[in-house]
Amino acid sequence: MYAIVEIAGQQFKIEAGRKLYVHRLAAEEGTNVSFDKILLLDNDGKVTIGAPLIKDATVKATVIRHLKDDKVLVFKKKRRKGYKKLNGHRQCLTQIIIDEINA
């Protein structure tokens, strides 16, 4: 069984027991969170597509930890002008584990 879920503005394919990284959630470590924006649900070959969402379907997950992603360097340059600029960015992430998918 798997589902396509929208979490923090992004879509993820999830299965029970899978760990994944999402944008930072406003939840403490170790707490349970629930997501109700389920777009597609596959239950052993029986596919249900939402229009736009599936009603009465939820996903329960547990927040494992909050962390930062690897640094991404942003380098800008204009040739022959002497302009160079270097910036870095680290995205704040939350690691969650999917406990169950309720359909």
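In table form, for the structure just shown:
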{"item": "DSSP-assigned coil residues among GluC sites (Glu not before Pro) in the chain, each with at most 12 further Cβ atoms within 10 Å", "result": "Glu28, Glu29"}
{"item": "Of Lys19/Lys68; Lys13/Lys68; Lys37/Lys71; Lys13/Lys46; Lys13/Lys85, pairs whose Cα-Cα distance is over 26 Å", "result": "Lys37/Lys71; Lys13/Lys85"}
{"item": "The stretch 25-62: trypsin sites (Lys or Arg not before Pro) in DSSP coil with no more than 12 other Cβ atoms inside 10 Å", "result": "Lys55"}
{"item": "Simple Cβ-charge dipole of the chain, Lys/Arg +1 and Asp/Glu -1, about Cα centre, in debye nearest 20", "result": "1660 debye"}
{"item": "Viscosity 0.692 mPa s, 37 °C: Kirkwood-radius Stokes-Einstein D of the stretch 2-102 over Cα pairs, µm²/s", "result": "210 µm²/s"}
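Values in this text are rule-based calculations from the coordinates and carry no lab data. Since we're looking at a predicted model, the values are computed, not measured. Every residue, glycine among them, receives a Cβ derived from its backbone with ideal geometry; neighbour counts consider all protein chains shown.
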